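The values are calculated or read from the model by the stated rules, or taken from the named source; none is laboratory data. Please read all numbers here as calculations on a predicted model, not as lab measurements. Because the Cβ atoms are built from the backbone with ideal geometry, glycine has one as well, and the counts that use them run over all protein chains shown. Just the protein is used for accessible areas: all its heavy atoms, side chains included, with ligands, DNA and RNA removed. Shrake-Rupley method; radii C 1.70, N 1.55, O 1.52, S 1.80 Å.
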Amino acid sequence: MVGVGLRSAHFPRLLERRPTPVRWFEALSENYMDSEGRPLEVLKKIRADFPVALHGVSLSIGGVEGPRPGYLKRLKALMEKVEPFLVTDHLCFTGAHAANAHDLLPLPYTEEAIKTVVSNVSKVQDFLGRPIGLENVSSYLTYNESCMKEEEFLVEIAKRAGCKILLDVNNVFVSATNHGFAATDYIDRIPSELIAQIHLGGYTDMGKFLFDTHSRAPTDPVWELYRRVIRRVPEVPVLIEWDEAVPDWEGLEQEAVKAIQIAAEVKNALPA
Amino acid sequence: MPSPLELLQKQFTSSVIGEADPALVVQVRGGGALTPAEAVEIYRRGYPARMSEALGETFEACWRVLGDEDFLKACEEYSRSVKSISHNLSDYGHLFPEFLQARFHADAPFIGSLATFEWAFKEIFHAAPHTPLSPSDLAREVKDNSVLIFGPSVKLLPLTHSVVEIWKRDRSDGAPLIRSQWDAPQGALLYKSGGTPVFSRVIAAPEASALRSLMAQQPLSEALAAASGLTEAAARNLFSFLSEAGLIVAVRQP
C-alpha cells in the first residue's frame, strides 16, 4: 500500500477527487494540530476518502525534558479528529523547551539515551493510548561516546518501549554513506515485526557528504534498498516523501507508481 | 549536576541557535569528509534557513516590499536573537513586526503595520470558523441595549499606516509605493464568515471606534453613541455589514 505526504500545493488537485493509485496520505501533525482553518478542513475531506497517518517533527522523544507541555494534548485531539492508522515521529531530540531548534538532532547511541527515549515513549504511549512508530533520522555527525550501532540502538528502544519502527530507507542510505557503514546490514538487522512503515525520499549530494533534503525523487540505491526490505515486509505501508521543490501531483504520483511496481515485482518473485 | 545526555543536548541546542560550542565539537566525528566543526556547522546553518522560511510564509508581503536581500538578512538576525519556544514553526515571529519597524522605519515607515496585519491574518487563518447568527435571527433578537457577541475569528486592527492595499498588491506589481498610498492611519478588519476563507475590510475611523466598543461588549446603543462622527446611515451600514458578513454568534440582553 503506497501513500504520499500530504502537501498544500496538491490540495486543489486532491479535492477534485480524480482516481489515483495513491492509497493513503501522511499528514505532518504540527501543520494541523494548532489549526482549525483550511488545512484541517482539507485534511478531514481527504480522510473521508483515504486512510491517513500522522507524522510529527517536534515530539523530541529523545529530549531529556520529555515532550513539551501541551503537545500531547493537541496531538491527541488531532488524532480524535482524523483517526490515523499510525502515529509516528523521529528518533531524535529537537532542542530544549526554552529554545526549539526545529531540527532532527541525532542522539548518542548510549544506554542513557536508550533509557531516556524508552521512558518518554512509555509516557507518550500511555497518554495517547496506542503504540507509536519512531523513524531513524539522517545524520551528519556521530558522537565519540556512542557505544553501539545505530540500528542496535533503534531496535533496542523499539523492543524495550513496545513501539514500532518507521524505517526511512533514504535516511539509512544517507547515514550509511556519511558514516561509512553498510546500508544493507542496517536494513537486514531490523526485525520485520517491528517495521510499521517505510519512507522513501531523495537526498542531495553536497560533495563532502549526503544531505537529506527530500527535494527530489528517490535515487537508484534507495530503490534497491527498498526492493531488499519490501521482500521481507510486503504488506507494510510505504510512503513517498517530498518536502522541498515539491513536484506537481503527477510528478509525485509517478514515484508512487514506481514504488507500487517494485513491490508487485518483488511479491511476484516470492515463492508461493 | 546535569547528566552527560542533558549536557550534550544543551551544548548542541545552543550551538544550533547561537555560536558553535567548542565543547560539543570535540565530542563528535564529522560525516562524509566533514570535520567535526563543519558537521556542527551543517546543523547551525540550517537553523536560520528554517526560521527564515517560516517567517517568509507568514510575512510574504513584507518580503515582497523589502526584497530578498533585506528581508532574508533581517530574518537571519531575528532568528539569532529571538528563540522559538513553540513546537510549531508557524508560531514563530510574534515580535517580527516590531523588529522590522525598528530596522526599516526610515525606508518603509509602514512596514511594522504591514507585518502586524500579516501576523493577524495568520492567526485568523488558523482560528476556528464560527457559526454566525443568521441575519433574520440577529434582527429578531437584537435590541437597542443588546450586547453583540462576536465570533472568535474576528479581529479589528488599528494600524498606524494604510497597508491593506499594499498587502493585496499582485506579486508581479513592481511599481514603487508612494507616500500617499500608506501615509495615514487605517482600521482593518480580518474575519471569517462562517467558513475557512479569511476576508479583510478597511474600516473608517468612526465605524472602527463603534466596532471596538461593540467587540468590548458595550451595549449597542452606547457603542454607537460614543463613536464620534458616526452618522445614522453609517451606523445602519455597519450593522448591516456585521449581520451579512456573519460576524455575530450571539446576542446577550442586559
Review point. Can you tell me which residues in segment A:115-133 are at the interface with chain B (Cβ under 10 Å from one of its Cβ atoms) and either free of Cβ contacts under 8 Å to residues at least 24 places away in the same chain or surrounded by fewer than 21 Cβ atoms within 10 Å (Cβ to Cβ) (or both)?
Key: A:K115
Study note, to complete from the structure: From the option list B:K83, B:K122, single residue qualifying as assigned to a loop (DSSP other than H, G, I, E, B) and of a type in the set (D, E, K, R) is B:K83
**Study point:** Options A:G202, A:G207: the member that is buried (at least 17 other Cβ atoms within 10 Å of the Cβ), out of contact with any Cys (no Cβ under 7 Å at 6 or more places or on another chain), part of a loop (DSSP other than H, G, I, E, B) and of a type in the set (G, A, S)
**Key:** A:G202
**Study point:** Enumeration of residues in segment A:210-220 that are open to solvent by less than 20 Å² (accessible area, probe 1.4 Å) and either in contact with a His (Cβ under 8 Å, 6 or more places away or on another chain) or β-branched (V, I, T) (or both)
**Key:** A:T219
**Study point:** Yes/no for A:R17 being open to solvent by 20 Å² or more (accessible area, probe 1.4 Å), of a type in the set (D, E, K, R) and on the phi < 0 side of the Ramachandran plot
**Key:** no
Revision key, fill the gap. Per the filter on segment B:47-81, residues open to solvent by 30 Å² or more (accessible area, probe 1.4 Å) and more than 27 Å from B:A175 (Cβ to Cβ) are B:A49, B:R50, B:E53, B:E76, B:E77, B:R80, B:S81
Point to revise | Qualifying positions in segment A:20-54 - open to solvent by 30 Å² or more (accessible area, probe 1.4 Å), among the acidic types (D, E) and more than 8 Å from chain B (Cβ to nearest Cβ) | key: A:D49
Point to revise | Boolean, A:L107 is more than 16 Å from the chain's Cα centre (by Cα), part of a helix (DSSP H, G or I), within 12 Å of another protein chain (Cβ to nearest Cβ) and not β-branched (V, I, T) | key: no
Practice item. Could you tell me which numbered condition A:H90 fails, if it satisfies all but one of (1) open to solvent by 20 Å² or more (accessible area, probe 1.4 Å); (2) more than 9 Å from chain B (Cβ to nearest Cβ)? Key: (1)
Review point. Yes or no: A:I260 of a type in the set (A, V, I, L, M) and touching a residue at least 40 places away in the same chain (Cβ under 8 Å)?
Key: yes
Point to revise | Residues being open to solvent by less than 40 Å² (accessible area, probe 1.4 Å) and part of a loop (DSSP other than H, G, I, E, B) - total across segment B:1-19 | key: 2
Check your understanding: Within the set of pairs 6 or more residues apart or between chains, which connect a residue that is more than 14 Å from every other protein chain (Cβ to nearest Cβ) and over 24 Å from A:P39 (Cα atoms) inside segment B:87-99 to a residue that is open to solvent by 40 Å² or more (accessible area, probe 1.4 Å) and of a type in the set (S, T, Y) with Cβ atoms less than 7 Å apart?
Key -> B:P97/B:T116
Revision key, fill the gap. Being within 21 Å of the chain's Cα centre (by Cα) and either on the phi > 0 side of the Ramachandran plot or not aromatic (F, W, Y) (or both) narrows B:L190, B:L224, B:L177 down to just B:L190
Exercise for review: Using the structure shown, decide if B:A39 is of a type in the set (G, A, S), more than 19 Å from B:I111 (Cα to Cα) and in a helix (DSSP H, G or I).
Suggested key: yes
Exercise for review: Select from segment B:194-242 the residues that are within 14 Å of another protein chain (Cβ to nearest Cβ) and touching a residue at least 12 places away in the same chain (Cβ under 8 Å) and write down the one among them that is most open to solvent (accessible area, probe 1.4 Å).
Suggested key: B:F199
Exercise for review: Have a look at B:P129, B:P97 and point out the one that is assigned to a helix (DSSP H, G or I) and crowded, with 18+ Cβ neighbours inside 10 Å.
Suggested key: B:P97
Practice item. With the condition kept exactly as written, say whether any residue in segment A:55-69 is closer than 30 Å to A:E16 by Cβ, crowded, with 23+ Cβ neighbours inside 10 Å and more than 9 Å from chain B (Cβ to nearest Cβ). Key: yes
Check your understanding: Just for segment B:153-183: of the residues that are open to solvent by less than 40 Å² (accessible area, probe 1.4 Å) and assigned to a loop (DSSP other than H, G, I, E, B), which one is nearest to B:G67 (Cα to Cα)?
Key -> B:V163
Check your understanding: Out of segment A:150-195, which residues are open to solvent by 10 Å² or more (accessible area, probe 1.4 Å) and of a type in the set (G, A, S)?
Key -> A:A161, A:G162, A:G180, A:A182, A:A183, A:S192
Practice item. Output the qualifying pairs, or none if there are none: Cβ atoms under 8 angstrom, residues six or more apart or on different chains, first residue in segment B:114-132 and in contact (Cβ under 8 Å) with a residue 40 or more places away in the chain and more than 14 Å from chain A (Cβ to nearest Cβ), second residue surrounded by 21 or more Cβ atoms within 10 Å (Cβ to Cβ) and among the polar types (S, T, N, Q). Key: B:E118/B:T58; B:W119/B:T58
Study note, to complete from the structure: Those residues of segment B:7-35 which are facing chain A (nearest Cβ under 7 Å) and either in contact (Cβ under 8 Å) with a residue 40 or more places away in the chain or over 38 Å from the mean Cα position of the chain (by Cα) (or both) amount to B:I17, B:Q27, B:V28, B:R29, B:G30, B:G31, B:G32, B:A33, B:L34
Practice item. Please specify each residue of segment A:148-184 satisfying the condition of being among the small types (G, A, S) and either assigned to a strand (DSSP E or B) or on the phi > 0 side of the Ramachandran plot (or both). Key: A:G162, A:G180
Practice item. Tally the residues that are open to solvent by 60 Å² or more (accessible area, probe 1.4 Å) and outside any loop (DSSP other than H, G, I, E, B), restricting the search to segment A:221-235. Key: 3
